[in-house]
1. Residues that are in contact with a helix residue (DSSP H, G or I) (Cβ under 8 Å, 6 or more places away or on another chain) and farther than 23 Å from Q172 by Cα: which helices (runs of 4 or more DSSP H) entirely in region 100-151 hold 1 or more of them?
2. Output the residue which, of all residues in region 183-210 that are of a type in the set (S, T, N, Q) and touching a residue at least 40 places away in the same chain (Cβ under 8 Å), is nearest to T101 (Cα to Cα).
3. Residue by residue through region 158-182, note down the ones that are part of a loop (DSSP other than H, G, I, E, B) and touching a residue at least 60 places away in the same chain (Cβ under 8 Å).
4. Do you know which residues across region 163-219 are among the basic types (K, R) and surrounded by 12 or more Cβ atoms within 10 Å (Cβ to Cβ)?
5. Being among the β-branched types (V, I, T) and surrounded by 17 or more Cβ atoms within 10 Å (Cβ to Cβ), is that true of even one residue in region 63-75?
6. Would you confirm whether or not region 95-107 contains a residue that is within 26 Å of T157 (Cβ to Cβ), in contact (Cβ under 8 Å) with a residue 60 or more places away in the chain, touching a Leu at 6+ places or on another chain (Cβ under 7 Å) and not assigned by TED's automatic domain parsing to the domain that holds N189?
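The values are calculated or read from the model by the stated rules, or taken from the named source; none is laboratory data. None of the values given here were measured: they were computed from a predicted structure. With ideal geometry, Cβ positions are generated from the backbone for all residues, glycine too; neighbour counts draw on all protein chains shown.
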Amino acid sequence: MSKSAPNSVSGDVRCRQCRRAGQKLFLKGERCYSKKCAVEKRQNQGVVQPPGQHGQTGRPAKITTYGSQLREKQKMRQMYRVLEGPFRTYVAEATRRRGVTGENLLQLLEMRLDNVVYRLGFAASRAQARQLVNHGHFLVNNKPVDIPSYRTRPGETVTVVEDARRIPAIQQAMGSAARIPTWLTVDNNQFFGKVISAPRRDEVDSEVQEQIIIEFYSR
């Protein structure tokens with residue numbers, strides 16, 4: 001008896017991460033905005049269960065305070081594509097800074113070069129932006145930077161290098177209806193973007209509870 005073909009949507013690791021988080025993490029670029037999105041398809045069907053056979057049982061598992069903090073931390077790490085070690089470093093720096101620690105953490109992650117490239121609409125996802133930066137396709141203040149974690153600063157410019165402007169992934173991303181946040185500005189005709197200021201919390205649309213992540217690391 002032959003086995004049926006696996007479901008490519010539910011079987012995709014990044015789609016499963018979104019389903020586990022219970023919301024879109026925008027890990028797959030254009031697919032996240034289309035009807036093919038696994039989270040949106042299940043929400044339209046009235047299904048909110050997490051992936052896996054245990055997520056299909058009737059009674060939902062009770063989530064402890066620790067569990068909710070851990071889940072939120074994992075969600076933010078997956079969203080910004082940051083490993084545990086560097087993420088702890090960001091938390092430590094956010095704690096040392098003045099102001100609200102959770103907002104400091106979110107600001108540090110938003111100012112990463114790979115995230116700025118994504119927010120400017122030069123890439124369809126943060127994963128794609130990370131790869132494009134690694135390949136040296138961007139200039140910061142007219143100097144090549146190939147480090148995705150490079151921390152941009154207000155006043156700095158981000159430009160697509162001349163040879164990379166014909167890359168289909170960049171052209172497709174720029175052709176989509178990307179919403180550019182107010183702390184950035186972009187000129188698509190010149191393949192040029194600029195960091196106007198550090199983002200405030202109300203300028204970041206990431207659906208995360210950053211304060212409970214700080215509580216997790218304060219245990």
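1. Qualifying helices (runs of 4 or more DSSP H): 101-110.
2. Q209
3. Within region 158-182, S176, I180, P181 qualify.
4. Result: R165, K194, R200, R201.
5. First, pick out the residues of region 63-75 that are among the β-branched types (V, I, T): 63-65.
From what is left, the residues that are surrounded by 17 or more Cβ atoms within 10 Å (Cβ to Cβ) are none.
No, that holds for no residue.
6. No, every residue in region 95-107 fails to be within 26 Å of T157 (Cβ to Cβ), in contact (Cβ under 8 Å) with a residue 60 or more places away in the chain, touching a Leu at 6+ places or on another chain (Cβ under 7 Å) and not assigned by TED's automatic domain parsing to the domain that holds N189.
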